[in-house]
Amino acid sequence: MAAAHESGVTGTKQTSAKHATMWARPGRAWPSAAARLFCASATAALAAALLASAALSQAASSPNPVEGLAAWDNIAAVIRHPRCLNCHQSEAPLRGDSRSPHIPPVTRGPDDHGPSAMRCVNCHSLTGNNPSSGVPGAPSWALARATMGWDGLSSAALCRTIKDRTRNGNRSLDAVVEHIERDSLVLWAFNPGKGRQPVPIPHQAFVDLVKAWVASGAPCPA
Ligand code: HEC
Ligand code: HEC
């Protein structure tokens with residue numbers, strides 16, 4: 001099972017889909033349900049510890065769509081935060097928690113970095129937020145591509161769009177995880193400078209959610 005699983009996570013989408021279906025059978029869910037039951041009993045400490053570690057290794061070794069969907073709900077809440085969505089627009093960036101039009105008006109231009117007279121980098125420093133002017137900044141500051149305009153999508157559509165290689169910059173799920181983990185603009189949203197609310201969970205917690213979702217077969221709501 002362990003070997004089969006490894007190919008499920010690191011291997012092809014087809015393999016993880018197969019596993020997801022396999023583990024969706026109700027009879028397969030018993031180990032974690034049993035672990036929860038035992039954990040409730042303070043006297044069964046050793047049994048609980050053993051079962052908890054069994055449940056943990058199960059979580060790590062088997063796609064579990066129920067846990068995956070729970071993780072997705074939390075991921076969607078982050079993605080829909082204004083710090084992310086203000087850039088993930090189909091036409092032009094928005095600003096602030098009120099999601100107002102960008103002043104001065106700016107469009108994506110030929111390469112998502114703005115038209116020639118209004119390049120994003122003219123105002124948004126590559127070296128980070130400007131504490132005196134209050135203008136946010138980070139390396140590669142740009143509008144997300146039009147296919148990554150997520151505003152107004154239902155949770156299910158958002159989920160499918162992020163996984164869709166024709167829309168997500170041809171990223172595998174592992175590449176999406178890596179983007180969430182390292183991208184300068186994702187990181188900026190957790191440290192957006194004075195006067196802007198950061199995404200309200202720690203960056204590492206977000207990364208862990210995305211990893212758990214992918215390990216669970218990256219299920220999307222119906
Ligand atoms: C300053 C603008 C900006 C902000 C802020 C921003 N993004 Fe992006 N995002 C981009 C750009 C530009 C790309 C395209 C990068 C590429 O493909 O080279 C992108 C691509 C992505 C991708 C990969 C494409 C996909 O559909 O899987 C993910 C995932 C992503 N962003 C998530 C986020 C999340 C989550 C946040 C907030 C925590 C965020 N972004 C904030 C501009 C931004
Ligand atoms: C002429 C200067 C200028 C240019 C060019 C410019 N911006 Fe801005 N941008 C600003 C200023 C100033 C703010 C801060 C406004 C505020 O604090 O309310 C801002 C704020 C933003 C925000 C809001 C962040 C948030 O969540 O509150 C985003 C997103 C943004 N810009 C994206 C872009 C993108 C993408 C480009 C290029 C396509 C760009 N900007 C080009 C000046 C500019």
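The values are calculated or read from the model by the stated rules, or taken from the named source; none is laboratory data. This structure is a prediction, so every number in the text was calculated from the model and none was measured. Note that each Cβ is placed from the backbone with ideal geometry, even for glycine, and that neighbours are counted across all protein chains shown.
Here is a yes/no grid of residues against (1) within 16 Å of ligand 2 (Cβ to nearest atom); (2) modelled with pLDDT of 95 or more; (3) touching a Gly at 6+ places or on another chain (Cβ under 8 Å):
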{"residue": "W150", "(1), (2), (3)": "yes, yes, no"}
{"residue": "S154", "(1), (2), (3)": "no, yes, no"}
{"residue": "E178", "(1), (2), (3)": "no, yes, no"}
{"residue": "S184", "(1), (2), (3)": "yes, yes, no"}
{"residue": "L187", "(1), (2), (3)": "yes, yes, no"}
{"residue": "K194", "(1), (2), (3)": "yes, no, yes"}
{"residue": "Q197", "(1), (2), (3)": "yes, yes, no"}
{"residue": "A218", "(1), (2), (3)": "no, yes, yes"}
| request: Six or more apart or on different chains, Cβ under 9 Å: which pairs go from a residue in region 101-115 that's among the charged types (D, E, K, R) to one that's within 7 Å of ligand 2 (Cβ to nearest atom)? Could you list them? | output: R108/P93; R108/G114; R108/A142; R108/L143; D111/A142; D112/C120; D112/A142; D112/L143
| said: Looking at the structure I just gave you, is R108 more than 15 Å from D183 (Cβ to Cβ), surrounded by 14 or more Cβ atoms within 10 Å (Cβ to Cβ) and assigned by TED's automatic domain parsing to the domain that holds N168? | reply: yes
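Listed here are the residues, each with its yes/no results for (1) within 11 Å of ligand 1 (Cβ to nearest atom); (2) under 18 Å from C220 (Cβ atoms).
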| residue | (1), (2) |
| --- | --- |
| L69 | no, yes |
| D73 | no, yes |
| A77 | yes, yes |
| E91 | no, no |
| R99 | no, no |
| P105 | no, no |
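Identify, from the list G134, G169, the residue that is part of a loop (DSSP other than H, G, I, E, B), away from ligand 2 (no atom under 13 Å from the Cβ) and not polar (S, T, N, Q).
G169
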| said: Return the pair list, or none, for Cβ contacts closer than 6 Å from residues in region 142-155 that are touching a residue at least 40 places away in the same chain (Cβ under 8 Å) to residues that are more than 11 Å from ligand 2 (Cβ to nearest atom), at least 6 apart or on different chains. | reply: A146/S90; G149/S90; W150/L158; S155/A76; S155/P221
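Residues checked against (1) hydroxyl-bearing (S, T, Y); (2) surrounded by fewer than 18 Cβ atoms within 10 Å (Cβ to Cβ); (3) touching a strand residue (DSSP E or B) at 6+ places or on another chain (Cβ under 6 Å):
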{"position": "M118", "(1), (2), (3)": "no, yes, no"}
{"position": "C123", "(1), (2), (3)": "no, yes, no"}
{"position": "D151", "(1), (2), (3)": "no, yes, no"}
{"position": "A157", "(1), (2), (3)": "no, yes, no"}
{"position": "S172", "(1), (2), (3)": "yes, yes, no"}
{"position": "V176", "(1), (2), (3)": "no, no, no"}
{"position": "E181", "(1), (2), (3)": "no, yes, no"}
| Which of the residues belonging to region 71-86 are buried (at least 21 other Cβ atoms within 10 Å of the Cβ) and within 13 Å of ligand 2 (Cβ to nearest atom)? | R83, N86
| request: Given the conditions (1) in contact with a His (Cβ under 7 Å, 6 or more places away or on another chain); (2) surrounded by 14 or more Cβ atoms within 10 Å (Cβ to Cβ), report the number of the one that N129 does not fulfil. | output: (1)
